1. Do you know which residues across the stretch 222-238 are of a type outside the set (S, T, N, Q) and open to solvent by 80 Å² or more (accessible area, probe 1.4 Å)?
2. Could you tell me whether the stretch 122-140 includes any residue that is open to solvent by less than 90 Å² (accessible area, probe 1.4 Å), among the charged types (D, E, K, R) and under 22 Å from ARG86 (Cα atoms)?
3. Exactly one condition in (1) open to solvent by 30 Å² or more (accessible area, probe 1.4 Å); (2) on the phi > 0 side of the Ramachandran plot; (3) modelled with pLDDT of 80 or more is not met by ASP45; state its number.
4. Evaluate the following for SER181: is it among the hydroxyl-bearing types (Ser, Thr, Tyr), under 30 Å from the mean Cα position of the chain (by Cα) and either under 28 Å from VAL156 (Cβ atoms) or open to solvent by 40 Å² or more (accessible area, probe 1.4 Å) (or both)?
5. Looking only at the stretch 202-220, which residues are modelled with pLDDT under 95 and open to solvent by less than 80 Å² (accessible area, probe 1.4 Å)?
6. So which residues in the stretch 165-177 are surrounded by 14 or more Cβ atoms within 10 Å (Cβ to Cβ) and modelled with pLDDT under 90, if there are any at all?
7. Listed residues VAL55, VAL64, VAL51, VAL39; which is closer than 18 Å to SER117 by Cβ, buried (at least 20 other Cβ atoms within 10 Å of the Cβ) and without any contact (Cβ under 8 Å) to a residue 40 or more places away in the chain?
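The values are calculated or read from the model by the stated rules, or taken from the named source; none is laboratory data. If you're wondering where the values come from, they're calculated on a predicted model, not measured in any experiment. Ideal geometry is used to build each Cβ from the backbone, glycine not excepted, and the neighbour counts take in all protein chains shown. The protein model used for the area step is the full one, side chains on, heavy atoms only, and it has no ligands, DNA or RNA in it. Shrake-Rupley method; radii C 1.70, N 1.55, O 1.52, S 1.80 Å.
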Amino acid sequence: DGKSSICIGTYTYDADKFPTLYPIDSNIGIGGAKYRGGVQFKRIDGGKLTVINIVDIEEYLYSVIGKEMSPSWNIEALKAQAVCARNFVLCRGNVHKGYSFDVCATTHCQVYGGAESEHENTRRAVNETKGVLAKYNGQIVALYFFATSSGKTESVENVWGSPYGYLKSVDDSYENADKASKYKWSVKLTREEIEQKLLNAGVNIGTLKKITTDKVTDSGRVTQMTFHGSSSTHSVKL
């Protein structure tokens, strides 16, 4: 309603001082879904009401594992995912501090669906790895996961620029090319479409003549390519 206060029963609270609500004996319902823990309401910068689920990390992981991996998979795979997800959230805990919460519930952070995305196998995986963390040189490290690696991971410096000793390219012998939906994929563009995309980015090379690959990583992925046109050339780092 645009106000900076929230009224429940006979009590009115400032939106930035609203207490955390916890259910007495069950999960709390938000938008038709059930969540463990408690809930806070905040109005940030005069915008819409932000609903924040306050939940223990281990209980948070019960849901994350069920959203990021099929609960029917081998329990050891689920346990590995639990460790990765635990590390990830601890290393990413302040990414949304401007909104007064730690992580969001989408693929921007980790997918989280509340109690309804839990499974007995996801709870088992989390419980059997409770508190287990991966460290490098004594420090908790950010671990990243993905749907497919196409048979080989990439060194992090070729993706985000900064090298880390624990994120180096390795062969992924466990990935099945016949079952991984994006193990191989392709996109076809006409010359005119490429020229238009360059123009949309403020680059005019005239008529495209050829494309060359300038840099390729040890994993076989292109990190720089050049578009050669009738009037100029333009290099792109990928």
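1. LYS237, LEU238
2. yes
3. Going through the list (1) open to solvent by 30 Å² or more (accessible area, probe 1.4 Å); (2) on the phi > 0 side of the Ramachandran plot; (3) modelled with pLDDT of 80 or more, ASP45 breaks only (3).
4. yes
5. Result: THR217, SER219, GLY220.
6. Correct list: GLU175 only.
7. Details: VAL64 fails: without any contact (Cβ under 8 Å) to a residue 40 or more places away in the chain; VAL51 fails: buried (at least 20 other Cβ atoms within 10 Å of the Cβ); VAL39 fails: buried (at least 20 other Cβ atoms within 10 Å of the Cβ).
Testing whether each residue is closer than 18 Å to SER117 by Cβ, buried (at least 20 other Cβ atoms within 10 Å of the Cβ) and without any contact (Cβ under 8 Å) to a residue 40 or more places away in the chain leaves just VAL55.
Let's see how each residue does on (1) out of contact with any Asp or Glu (no Cβ under 9 Å at 6 or more places or on another chain); (2) assigned to a loop (DSSP other than H, G, I, E, B); (3) among the β-branched types (Val, Ile, Thr):
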site	(1), (2), (3)
TYR183	no, yes, no
VAL187	yes, yes, yes
THR213	yes, no, yes
GLN224	no, no, no
